[in-house]
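Q: One structure is given below, represented as structure tokens, and several questions about it will come after.
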Amino acid sequence: MTAATTLPVQPVPSARRRWTVLAVCCLSMFLVGLDTTIVNVGLPAIGRGLDVGTRGLEWIVDAYTLVLASLLISSGALADRFGRRRVFQCGLVLFGAASLLCALAPSAGVLVAGRALQGVGASMLSPVALAIVVNAMPDPKERAQAIGIWASVFGLSMAAGPVTGGALLAGLDWRALFWINAPVIAAALLLSAVFVPESRAPRARRLDLPGQVLLTVVLAVVVGVLIEGPRIGWTSPTALAGYVGAVVATAGFVGVESRRREPLMDLRLFGRPVFSGAVLGAVAVFVALSMTLLLNTLYLQHTRGWTPLAAGVATLPLAVGATLCAPWSGRMVGRTGPRLPLLLAGGFITAGGLCMVRLTPHTSVFLLLAAYALIGIGFGFANAPITNTAVNGLPPARAGVAGAITSTARQLGSALGIALAGGLVAATGPTGLAHASRPGWILVATCGVLLFLVARVSQPGEGRRGRRLTKSLVQPRSAS
């Protein structure tokens with residue numbers, strides 16, 4: 001293997017510079033999270049403007065999250081090899097170009113392609129930003145606090161997407177949802193050039209192209225079947241072929257990764273309960289959030305006839321809960337570990353989902369707002385312990401990969417949540433949408449219950465076997 005060129009050892013930056021680096025990375029993460037959810041509130045307007053049905057709208061959302069989830073790990077490895085700031089800036093430029101394509105899209109097909117290209121650019125931002133933050137914060141306690149702020153900003157951006165989108169749609173058309181990215185990208189490019197230091201992993205990894213292709217196939221087939229299943233029939237030949245394809249691709253991925261000297265995803269990691277629990281928690285939290293946001297948008301606009309602005313404002317309790325609780329959660333993780341905030345997250349998300357399981361076209365607005373607030377509080381408490389646990393579960397030299405795996409789990413959860421929610425209501429009219437969405441709210445509550453299980457394995461203290469495994473992850477496997 002060709003050794004990567006390493007940068008000279010840099011002195012630890014001053015406290016002011018470290019927190020400035022965090023602010024720049026948070027700005028980019030706000031952009032990634034915002035574009036994950038801002039489109040949700042505009043889906044009815046996009047559907048009318050481009051003559052697209054519910055399944056087409058699902059693809060507009062999931063084209064972004066699928067590509068993002070598929071490429072995050074490879075982008076993290078590229079950043080570790082070629083320089084995190086360099087890859088970060090390339091991601092900003094690509095994301096900006098894709099946003100322009102989306103804003104100018106003349107058809108649904110072009111918009112889906114633009115969203116996929118946005119996903120490519122976003123994949124160069126999410127794990128790289130976290131790796132930059134981890135590299136700039138050598139003190140574990142300070143790093144935990146920084147990750148709490150990073151998670152807070154990411155959570156705020158995800159929750160604030162519908163509010164921002166509703167405000168834009170109040171005076172402009174749906175294309176404004178993509179024009180808004182331009183000033184944020186320009187500011188992030190300028191600030192990253194001035195303040196963000198370049199860094200690389202001490203030993204870069206080879207790219208795993210077979211693993212990358214197989215991971216992309218697995219995610220695309222699974223989400224594609226969930227989206228198209230109601231239309232083609234769950235037992236149709238096409239659906240059955242999709243099931244077989246997903247199983248074969250998954251088996252191929254496991255087989256390839258277990259034999260690669262430097263795999264895309266080291267499957268040994270999942271032998272550590274702490275790490276596998278963090279990944280499961282990330283998927284569950286983002287399934288709950290994405291289902292909540294999509295079902296909320298369709299229910300309020302189609303069933304109750306609310307405007308996009310009103311539907312977006314209705315999610316303010318969710319955004320406020322996430323924003324207030326994420327920094328608090330980060331401080332709790334730094335002081336006592338991840339278990340307590342995970343238990344709180346599970347309790348609040350479960351309660352929020354249960355509030356909605358008897359949803360009707362005339363459910364009290366107070367109950368709706370209370371449910372959104374509970375889910376937002378749970379979301380805020382969840383992100384910091386999940387992110388911190390996953391990052392601390394890998395050697396520091398693998399920071400890019402650690403962030404990428406966690407972010408992949410998040411985006412996979414988002415894609416699954418959109419596909420599942422859309423599948424529940426795709427063939428339902430406005431009057432029946434509330435009843436059809438009830439299983440979705442049961443699933444949201446179930447995701448909260450899963451966090452109780454994650455909390456049980458979240459505390460450190462893995463024993464001798466876990467320490468041996470962590471140590472082995474620093475070295476590549478022997479060639480097969």
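Q: For the range 194-248, what does the alpha-carbon gyration tensor say about shape, rounded, prolate or oblate, given a ≥ b ≥ c as the root eigenvalues, a/c under 1.5 as rounded, and a/b over b/c as prolate?
A: Since a/c reaches 1.5 but b/c is at least a/b, the shape of the range 194-248 is classed as oblate.
Q: Rounded to the nearest percent, how much of the accessible area of the chain (1.4 Å probe, protein heavy atoms only) is carbon and sulfur?
A: Looking at the chain in its full context, I get 69 percent from C and S.
Q: If you take the beta carbon distance between T360 and R48 as r and set R0 to 30 Å, what does 1/(1 + (r/R0)^6) give as a FRET efficiency, to the nearest 0.05?
A: Rounded to the nearest 0.05, the efficiency is 0.70.
Q: Just to verify a number: FRET efficiency for L324 and L367, C-beta to C-beta distance, R0 = 25 Å, to 0.05?
A: With R0 = 25 Å, the Cβ-Cβ based efficiency is 0.75.
Q: How tilted is helix 181-195 with respect to the longest principal axis of the chain? Cα atoms for both, answer in degrees (0 to 90, nearest 10).
A: 10 degrees
Q: Please determine, in degrees from 0 to 90 and to the nearest 10, the orientation of helix 438-456 with respect to the longest principal axis defined by the Cα atoms of the chain, where the helix direction is its Cα long axis.
A: Helix 438-456 and the main axis of the chain meet at about 20 degrees.
Q: Taking the simple approach of a point 7 Å from Cα along Cα-to-Cβ for both K141 and V110, what is their distance in nm?
A: 5.6 nm
Q: If each DSSP helix of 4+ residues adds -39,500 (n - 2.57) and the sum is divided by the residues in the chain, what number results at 222 nm, nearest 500 deg cm²/dmol?
A: So the helix-based figure for the chain works out to -26500 deg cm²/dmol.
Q: What spacing in nm lies between the two simple spin-label points modelled at S258 and R16, each 7 Å away from Cα in the Cβ direction?
A: That separation, rounded to one decimal, is 5.5 nm.
Q: OK, next. Rounded to whole Hz and in sequence order, give me ³J(HN,Hα) for the range 134-144 from the Karplus expression 6.51 cos²θ - 1.76 cosθ + 1.60, θ = phi - 60°, writing x for Gly and Pro.
A: Whole-Hz 3J(HN,Hα) from phi for the range 134-144: 4, 5, 7, 10, x, 6, x, 5, 5, 5, 4.
Q: With angles folded into 0 to 90 degrees, how steeply does helix 54-82 sit against the dominant principal axis of the chain? Use alpha carbons for both and round to 10.
A: Helix 54-82 sits roughly 10 degrees off the main axis of the chain.
Q: Taking the solvent-accessible surface of protein heavy atoms with a 1.4 Å probe, what is the per residue accessible area of the range 243-335 in Å²?
A: 35 Å²
Q: While we're looking at this one, here's another question. Rounded, prolate or oblate, given the Cα gyration tensor of the range 70-224, with a/c below 1.5 counting as rounded?
A: oblate
The values are calculated or read from the model by the stated rules, or taken from the named source; none is laboratory data. Keep in mind that this is a model prediction, so the values were computed, not measured. Using ideal geometry, Cβ is built from the backbone for each residue, glycine included, and neighbour counts are taken over all protein chains shown. For the accessible areas, the whole protein counts, side chains as well, though only heavy atoms, and no ligand, DNA or RNA atoms are used. Shrake-Rupley method; radii C 1.70, N 1.55, O 1.52, S 1.80 Å.
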